[in-house]
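Peer 1: This is the structure I want to talk about, given as structure tokens.
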Amino acid sequence: MLLWPLSVAILTAAYYLRHWLMSSAADRLPVPPTMRGKTVIVTGANSGIGRATAAGLARLHARVILACRDPAAAEEAACQIRQQLQQKPEQDGGDVGASGEVLVRPLDLASLSSVRSFCQRILEEEQRLDVLINNAGIFQCPYMKTEDGFEMQFGVNHLGHFLLTNLLLDLLKRSAPSRVVVVSSKLYKYGEINFDDLNSEKSYNKSFGYSRSKLANILFTRELAKHLDGSGVTTNVLHPGIVRTNLGRHVSIPLLGQPIFKFMSWAFFKTPEQGAETSLYLATSHEVEGVSGEYFGDCKQEELLPKAMDDEVAKKLWDVSAKMVGLISPL
């Protein structure tokens, strides 16, 4: 009889302890510098971590471009962010009208032609690009292919961002010092890069497929750092932790288990705002100036498994990816 109330009490206490610890960690971080005059692109910014990242950057006066597959959802998110900016004047004494600009540009990472069109428009319209945040992702979807015939998770999470970043590198270099921030996941630990079956046509497991794409994010970031050495552009990769977002829409939970899952996610998962903290840290903080090719979690540098630090695999993945997306030559 007492088991259920006791369990609830323990979980509730754990919830408040966890959130107190996370709040304390956030309070110890330095106040982010203003991003006034800087332009930032955030992919997948219409919801979840991406939207929270975009809102945080706008509060710091950045010109924020929401790069999203669904323009209507992105416009709705942009309107909400603008309304929030009007309701919450800056604590640094700046006036409300000085808050950042929020724009929407269509980008479908499952289509190489869309990626190329997006980049062409950015190069035509924008004079500078100070930060590119590769945030968008798809999680554990059933086997399906992108417009160009790539397995969806590898195509969107890795190849789409690979092409996007390469096509914007010249603008990033002209805007230096500038940054590339890549959102990965701790689940990279369960991934393997199988060059004989990158398209998962021989076998497919949606969990391993996601982990492989997140491992590819890390290998790409580390190889990119080598290509950018001396350019004034830095790149780092992060894991946001377990966050309450709609990323898990392809994950089915038994009906009887849904109430438990909802409670657990409420009690123990990060909010999107908490999940965005490391992205914002890497995009703005003076503490990481000149730091490149590193892996972060909770705004701190973390160690990687050896397979995520394999330089030979990283270089081969770069070269293979360049051919897959049709780059004339690896940049």
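Peer 1: Write down Rg/Rh for region 272-331, rounded to two decimals, with Rg from the C-alpha atoms and Rh from the Kirkwood relation over Cα pairs.
Peer 2: 1.08
Peer 1: Starting with the fewest neighbours, write out H227, H239 ranked by other beta-carbon atoms found within 10 Å of each beta-carbon.
Peer 2: Ascending number of Cβ neighbours within 10 Å: H227, H239.
Peer 1: Out of region 182-242, which trypsin sites (Lys or Arg not before Pro) are coil in DSSP terms and have no more than 12 other C-beta atoms within 10 Å?
Peer 2: For trypsin sites (Lys or Arg not before Pro) across region 182-242 that sit outside H, G, I, E and B with at most 12 neighbouring Cβ atoms in 10 Å, the list reads K202.
Peer 1: Note down the nm distance, to one decimal, between modelled labels 7 Å out along Cα→Cβ at M144 and at K316.
Peer 2: With each label placed 7 Å out from Cα toward Cβ, I get 3.1 nm.
Peer 1: Still on this structure, I have one more. Need one number: nm distance between label points at Q301 and N205, each 7 Å from Cα along Cα→Cβ, rounded to one decimal.
Peer 2: The modelled label-to-label distance comes out at 3.3 nm.
Peer 1: For region 30-325, what is the convex hull volume of the alpha-carbon atoms per residue, in Å³?
Peer 2: Spread over its residues, the Cα hull of region 30-325 gives 134 Å³ apiece.
We did not get these values from a lab; they are worked out from the coordinates using the rules stated. Since we're looking at a predicted model, the values are computed, not measured. Please note: Cβ atoms are built from the backbone with ideal geometry, for glycine as well, and neighbour counts cover all protein chains shown.
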